[in-house]
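The values are calculated or read from the model by the stated rules, or taken from the named source; none is laboratory data. Not measured: the values here are computed from a predicted model. Please note: Cβ atoms are built from the backbone with ideal geometry, for glycine as well, and neighbour counts cover all protein chains shown. These accessible areas exclude ligands, DNA and RNA; they are computed on the full protein's heavy atoms, side chains included. Shrake-Rupley method; radii C 1.70, N 1.55, O 1.52, S 1.80 Å.
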Amino acid sequence: MAQIIDGKTISQQIKEELKEEAGRLREAGIEACLAVVQVGTDPASTIYVRNKRRACEYIGIRSLLHELPENTSQEELLALIEQLNEDPKVHGILVQLPLPKQMDESVILKAIDPGKDVDGFHPINVGRLCIGEKSYLPCTPAGIIELLKRSGITVAGKECVVIGRSNIVGKPMSLLLLQENGTVTIAHSKTEHLKEVAKRADILVVAIGKPGFITREYVKEGAAVIDVGIHRNSQNKVCGDVDFEDVRQVAGAVTPVPGGVGPMTIAMLMRNCLEAAKETVEQR
Ligand code: NAP
């Protein structure tokens, strides 16, 4: 039976470490500050924003919430981002996605100062990640690397298969695994013989967005399986892209949903915020 990779406990350890770091920054006269912008009232976004603000409060990061109405124009949002870019007291800026349809997400994300882009979505940060330069790492993939490291799972030299090629999860995930010296394959909806491809993996990262899609037929005996998906099933229970009960029979290690990747994403956002605040100390 697989080892359960406990993202809740690991993220809590990280948050304790970050709390100490925030304290040290305060002693150096810096109060780390994250500005969170939410446009509209999407219920899932409201929950994510609330969780991020709670994490800030716990760690000792000041959070500023800007709640804008659903009918806000792109120009109005760009003006707010400009103001936050210019504000020396704001170290990190997060615009909660998805945005209403009158906005072009890529225009908005590019407007954020790359030095305050704690989500790591700005093309400058994506480019830096690609060429192995220091950058703000996208939080979900960075959290997965941290989960693997802190669970004693080595990436170097291993066959890694990432299913999903989104800009926020699949692509940066594959780059980070490559940086850790994994041998990386990226699979997607057009991949032929997906089961065989997935079964090559020592480390299988699943970010498809389809509840319970990955069963034991996709998993090599002893593999580490990381489930990024978040869904509510027909009984309104939170579940992932992996059929947990089935896969744990053959995997060596597996993340549960909830309590796996999700809490790590927020911990990495907090880490990026403190990194951004530390930069301002180093620039003094
Ligand atoms: P996305 O943008 O919808 O991308 C899904 C990817 O899966 C696409 O690349 C797609 O391939 C691929 N795919 C879809 N069906 C497939 C199939 N049958 N076989 C193989 N590949 C398939 O999703 P995302 O933003 O990456 O998110 C994925 C999941 O993770 C969602 O459930 C999301 O809610 C969750 N998520 C969780 C966290 C967290 O913190 N835990 C963070 C972000 C996202 P194509 O490119 O060919 O279409």
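Computed over protein heavy atoms with a 1.4 Å probe, the accessible surface of the chain works out to 48 Å² per residue. Residue order by solvent-accessible surface for MET264, MET1 is MET1, MET264, largest first, with ligands and nucleic acids left out and a 1.4 Å probe. Hydrodynamic radius of segment 119-248 by the Kirkwood approach over all distinct alpha-carbon pairs: 14.9 Å.
Computed on segment 29-113, with alpha-carbon pairs under 8 angstrom and 6+ residues apart, the relative contact order is 42 percent. Only Lys, Arg, Asp and Glu count, each charged at its Cβ (+1, +1, -1, -1), so figure out the dipole size of the chain about its Cα centre, rounded to 20 debye. Approximately 560 debye in magnitude. Size check on segment 29-113: the Cα extents along the three principal axes, sorted descending, read 39, 29, 18 Å. Here the accessible area is traced with a 1.4 Å probe on the protein chains. For segment 29-113, carbon and sulfur cover 52 percent of it.
Contact order, relative form, for the chain: 22 percent (alpha carbon pairs under 8 Å, 6 or more residues apart, mean separation divided by residue count). Compactness of the chain, taken as the C-alpha radius of gyration over 2.2 N^0.38 Å, stands at 1.01. Taking amide H as placed 1.01 Å from N in the peptide plane, the amide H of ILE163 sits under 5 Å from that of ALA187, VAL205, VAL206, ALA207, each at least 5 places away or on another chain.
Residues whose amide H falls under 5 Å from that of VAL95, counting only those 5 or more places apart or on a different chain, are VAL37, with hydrogens built in the peptide plane. Quick check on the chain: of the DSSP beta bridges with both residues there, what percent are antiparallel, nearest 5%? Within the chain, antiparallel bridges account for around 5 percent of the total. Projecting the Cα atoms of VAL247, ILE208, LEU274 onto the charge dipole of the chain (Cβ charges, centred on the Cα centre) puts VAL247 farthest toward the positive pole. Residues ILE186, ILE226, ordered by accessible area of protein heavy atoms at a 1.4 angstrom probe radius and largest first, appear as ILE186, ILE226.
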